[in-house]
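The values are calculated or read from the model by the stated rules, or taken from the named source; none is laboratory data. The structure presented is a predicted model; accordingly, all values stated were derived computationally and were not measured. Heads up, the Cβs are rebuilt from the backbone with ideal geometry, glycines too, and the neighbour counts pull from every protein chain shown. The area values use the complete protein model at the heavy-atom level, side chains included, leaving out ligands, DNA and RNA. Shrake-Rupley method; radii C 1.70, N 1.55, O 1.52, S 1.80 Å.
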Amino acid sequence: MPVDFQVKNAKVIPSGALSIVIDSSGSMTGPKLEMSKAAAIAAIQVMNKNDYISVVAFDSVAHWIVPTQKIDSPLRISRAISRLGPGGGTNMN
């Protein structure tokens, strides 16, 4: 009897990576920043646990909101994005 190491009917779930950059400068105060955060959170909610995410916010400097990681806790990542507030000027360099 031959030995077969192939898994029959295996379901392959591809993984992906998404980096989100959010302008959190003072000019984003109000609906602009709230819509940006809502869009980032919506993107995370359609990803799966094999995917990777990173979130960077920038105003006068760039800073990590969520360093690159697997989406092991979408709620924790969403909360980190939700806490993001406006401030500083915009540095595009």
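Could you tell me whether N9 is open to solvent by less than 80 Å² (accessible area, probe 1.4 Å) and either at pLDDT below 95 or among the β-branched types (V, I, T) (or both)?
no
Among the residues of the range 27-40, write down those that are closer than 18 Å to R79 by Cβ and either of a type in the set (D, E) or surrounded by 19 or more Cβ atoms within 10 Å (Cβ to Cβ) (or both).
L33, E34, S36, K37, A40
How many residues are in a loop (DSSP other than H, G, I, E, B) and either buried (at least 16 other Cβ atoms within 10 Å of the Cβ) or not hydroxyl-bearing (S, T, Y) (or both) when one looks only at the range 41-64?
Residues in the range 41-64 being in a loop (DSSP other than H, G, I, E, B) and either buried (at least 16 other Cβ atoms within 10 Å of the Cβ) or not hydroxyl-bearing (S, T, Y) (or both): 8 in total.
If I filter the range 29-40 for residues that are in a loop (DSSP other than H, G, I, E, B), at pLDDT below 95 and under 12 Å from the mean Cα position of the chain (by Cα), do I get at least one hit?
Scanning the range 29-40, I find no residue that is in a loop (DSSP other than H, G, I, E, B), at pLDDT below 95 and under 12 Å from the mean Cα position of the chain (by Cα), so the answer is no.
For the range 41-62, what are the residues that are of a type in the set (S, T, N, Q) and within 8 Å of the chain's Cα centre (by Cα)? Full working, then the answer.
Here is the first cut: in the range 41-62, the residues of a type in the set (S, T, N, Q) are 45, 48, 50, 54, 60.
Across the range 41-62, the qualifying residue is only S54.
Please list, ordered by first then second residue, the pairs with beta carbon atoms under 9 Å, 6 or more apart or interchain, first in the range 12-26 and more than 19 Å from A38 (Cα to Cα), second aliphatic (A, V, I, L, M) and assigned to a loop (DSSP other than H, G, I, E, B).
G16/M47
Can you tell me which of P67, P86 is open to solvent by 40 Å² or more (accessible area, probe 1.4 Å), part of a strand (DSSP E or B) and at pLDDT 90 or above?
None of the other options fit; the residue is P67.
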